[in-house]
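Student: Below: one structure in structure tokens.
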Amino acid sequence: MFSFVRLNKIKWIFLFSALTVVFSCDKNDKDVNIFSIEDDKALGEQLAQEIASDPTTYPILDRSKYATAYMHLDRIVNTILNSGKVTHKDDFVWEVSIINDDSTLNAFCGPGGKVYVYTGIIKY
């Protein structure tokens, strides 16, 4: 019984690995996305609201008080957007927010054009 279960598990792992390799090697660059643009926008708004509702965990710097920092980040984001490599560049309103956390060296993009950058990576 044990060897049958183990063999069955190995077959599933092999099948999953093979499918992962096959689908990740697709060079046709056809986006497979189960979410529509409108879904992405709605998810992005939901994420933005959740982040804004938790200022203890995500203290967002005010854009008017930190205009220079936002100007530099907007320039970087615009350079990336204008690179010709962003598939849905014109489908979203891209918004940059800075999270005041010097110990976190990170940034992330949420759905719908929401970009978050931690101060830790800016000061790094």
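Student: How many residues does the stretch 69-108 contain that are under 17 Å from T57 (Cα atoms) and not charged (D, E, K, R)? Step through it out loud before you land on a result.
Tutor: Our first condition is that a residue be under 17 Å from T57 (Cα atoms); within the stretch 69-108, this holds for 97-108.
Subsequent filtering for residues that are not charged (D, E, K, R) retains 97-100, 103-108.
Counting residues in the stretch 69-108 that are under 17 Å from T57 (Cα atoms) and not charged (D, E, K, R) gives 10.
Student: Turning to a different aspect of this structure: For T57, all conditions in the list (1) more than 25 Å from F35 (Cβ to Cβ); (2) in contact (Cβ under 8 Å) with a residue 12 or more places away in the chain hold save one; what is the number of the exception?
Tutor: Answer for T57: the failing condition is (2).
All of the numbers you see were taken from the coordinates with simple rules; none came from a lab. Predicted, not measured: the structure shown is a model, and the values here were computed from it. Ideal geometry is used to build each Cβ from the backbone, glycine not excepted, and the neighbour counts take in all protein chains shown.
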